[in-house]
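Here's the structure we're looking at; comments come further down.
The values are calculated or read from the model by the stated rules, or taken from the named source; none is laboratory data. Quick caveat, the model's predicted, so the values are computed rather than measured. In this analysis, Cβ positions are derived from the backbone assuming ideal geometry, glycine residues included, and neighbour counts consider all displayed protein chains.
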């Protein structure tokens with residue numbers, strides 16, 4: 001009568017090797033390669049797996065036979081003069097596999113324990129959830145001195161200096177073209193023709209930059225002097241309103257405009 005033996009299922013050749021080592025209770029650093037290889041081949045011959053699954057086990061079998069042959073030959077030495085153990089690479093692979101196996105078992109146990117845990121949804125009242133602890137300014141500013149403030153200031157300035165590119169900072173700076181008062185006078189005249197009466201603050205706020213604001217202010221003063229604009233302000237600190245009272249063509253000579261509108265970059269900043 002034929003006896004059928006049912007073998008355990010192994011995920012791969014390393015799992016089978018580790019099982020044989022633990023079954024024989026041998027030291028993983030001193031594997032009896034002849035005995036383990038014989039047992040491994042018995043398991044492989046009894047396997048009823050498809051070719052794809054069996055190929056990994058056959059590769060390991062060839063590796064074991066190679067190690068067995070190398071152990072029968074004189075041992076090779078390293079450049080430092082130490083003898084090489086043909087089993088060292090296999091031992092490292094087994095230790096690495098064992099480490100990952102134990103890690104997977106630990107994660108599986110955590111998953112099982114987590115499946116048995118139940119959590120109650122939070123039932124915090126809205127007024128408690130929205131509570132914010134008031135800031136104690138005295139405690140926040142305690143220990144703050146002028147020396148500490150100076151340290152913070154020096155730190156901020158140092159960070160600003162570090163952001164300056166040491167190469168690009170040596171390049172020349174692009175200067176803006178000077179804005180002419182006469183051009184701005186014509187622009188204010190055109191602005192007044194469209195609105196007739198307009199707000200002085202809104203006129204200045206429509207300018208793209210500080211230099212444009214300064215020149216626009218000078219242009220308004222020049223138009224007031226020439227009698228082209230009238231200014232009204234009902235009470236002190238009220239809005240200033242301008243009215244274009246003469247929109248006839250205006251021709252200006254350079255002698256009539258005595259303002260210097262060129263401004264250095266340091267003055268702009």
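Do you know which residues across segment 186-221 are in a strand (DSSP E or B) and at pLDDT below 85? Talk me through it step by step, then tell me what you get.
Restricting attention to segment 186-221, the residues satisfying the condition of being in a strand (DSSP E or B) are 197-199.
Correct list: 198, 199.
Can you find, within segment 211-230, the residue that is nearest to residue 198 (Cα to Cα) among those that are touching a strand residue (DSSP E or B) at 6+ places or on another chain (Cβ under 6 Å) and touching a residue at least 24 places away in the same chain (Cβ under 8 Å)?
From segment 211-230, those touching a strand residue (DSSP E or B) at 6+ places or on another chain (Cβ under 6 Å) are 223, 229-230; that's our starting set.
From the residues that got through so far, the ones that are touching a residue at least 24 places away in the same chain (Cβ under 8 Å) too are 223, 229.
On the way: 223: 14, 229: 11 Å.
If we take residues in segment 211-230 being touching a strand residue (DSSP E or B) at 6+ places or on another chain (Cβ under 6 Å) and touching a residue at least 24 places away in the same chain (Cβ under 8 Å), then 229 is nearest to residue 198 (Cα to Cα).
Criterion first (loosely packed, with under 10 Cβ neighbours inside 10 Å and in contact with a strand residue (DSSP E or B) (Cβ under 6 Å, 6 or more places away or on another chain)) does residue 83 satisfy it?
Details: loosely packed, with under 10 Cβ neighbours inside 10 Å: yes; in contact with a strand residue (DSSP E or B) (Cβ under 6 Å, 6 or more places away or on another chain): yes.
When the stated conditions are applied, residue 83 passes them.
Is there any pair linking a residue in segment 65-78 that is closer than 16 Å to residue 32 by Cα and assigned by TED's automatic domain parsing to the domain that holds residue 44 to one that is outside any loop (DSSP other than H, G, I, E, B) and at pLDDT 80 or above, with Cβ under 7 Å and at least six apart or on different chains, and which?
65/37; 67/33; 67/90; 68/33; 68/34; 68/37; 71/33
Taking the stated definitions as given, is residue 58 over 46 Å from the mean Cα position of the chain (by Cα), exposed (fewer than 15 other Cβ atoms within 10 Å of the Cβ), free of Cβ contacts under 8 Å to residues at least 40 places away in the same chain and under 15 Å from residue 13 (Cα atoms)? Can you show your working first?
Values: over 46 Å from the mean Cα position of the chain (by Cα): yes; exposed (fewer than 15 other Cβ atoms within 10 Å of the Cβ): yes; free of Cβ contacts under 8 Å to residues at least 40 places away in the same chain: yes; under 15 Å from residue 13 (Cα atoms): yes.
Yes; evaluated as a whole, the condition is true for this residue.
Yes/no matrix, rows are residues, columns are (1) more than 21 Å from residue 12 (Cβ to Cβ); (2) in contact with a strand residue (DSSP E or B) (Cβ under 6 Å, 6 or more places away or on another chain):
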{"site": "27", "(1), (2)": "yes, no"}
{"site": "40", "(1), (2)": "no, no"}
{"site": "45", "(1), (2)": "no, no"}
{"site": "67", "(1), (2)": "no, no"}
{"site": "77", "(1), (2)": "yes, yes"}
{"site": "108", "(1), (2)": "no, no"}
{"site": "117", "(1), (2)": "yes, no"}
{"site": "128", "(1), (2)": "yes, no"}
{"site": "131", "(1), (2)": "yes, no"}
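For residue 20, are the conditions met, namely being part of a helix (DSSP H, G or I), modelled with pLDDT of 80 or more, more than 47 Å from the chain's Cα centre (by Cα) and farther than 16 Å from residue 98 by Cβ? Show your work before the answer.
Values: part of a helix (DSSP H, G or I): yes; modelled with pLDDT of 80 or more: yes; more than 47 Å from the chain's Cα centre (by Cα): yes; farther than 16 Å from residue 98 by Cβ: no.
It is false that residue 20 is part of a helix (DSSP H, G or I), modelled with pLDDT of 80 or more, more than 47 Å from the chain's Cα centre (by Cα) and farther than 16 Å from residue 98 by Cβ.
When only residues in segment 224-259 that are touching a helix residue (DSSP H, G or I) at 6+ places or on another chain (Cβ under 6 Å) and either within 21 Å of residue 205 (Cα to Cα) or modelled with pLDDT of 80 or more (or both) count, which is surrounded by the fewest Cβ atoms within 10 Å (Cβ to Cβ)?
So in segment 224-259, the residues touching a helix residue (DSSP H, G or I) at 6+ places or on another chain (Cβ under 6 Å) come out as 229, 240, 242, 244, 247, 252, 257, 259.
Restricting the remaining residues to those that are either within 21 Å of residue 205 (Cα to Cα) or modelled with pLDDT of 80 or more (or both) gives 229, 240, 242, 244.
Values: 229: 22, 240: 15, 242: 22, 244: 20.
Residue satisfying both the conditions and the ranking: 240.
Please note which helices (runs of 4 or more DSSP H) are completely contained in segment 95-166 and include at least 3 residues that are closer than 30 Å to residue 17 by Cβ, touching a helix residue (DSSP H, G or I) at 6+ places or on another chain (Cβ under 8 Å) and not assigned by TED's automatic domain parsing to the domain that holds residue 31.
Because the criterion is at least 3 residues that are closer than 30 Å to residue 17 by Cβ, touching a helix residue (DSSP H, G or I) at 6+ places or on another chain (Cβ under 8 Å) and not assigned by TED's automatic domain parsing to the domain that holds residue 31, no helices (runs of 4 or more DSSP H) in segment 95-166 meet it.
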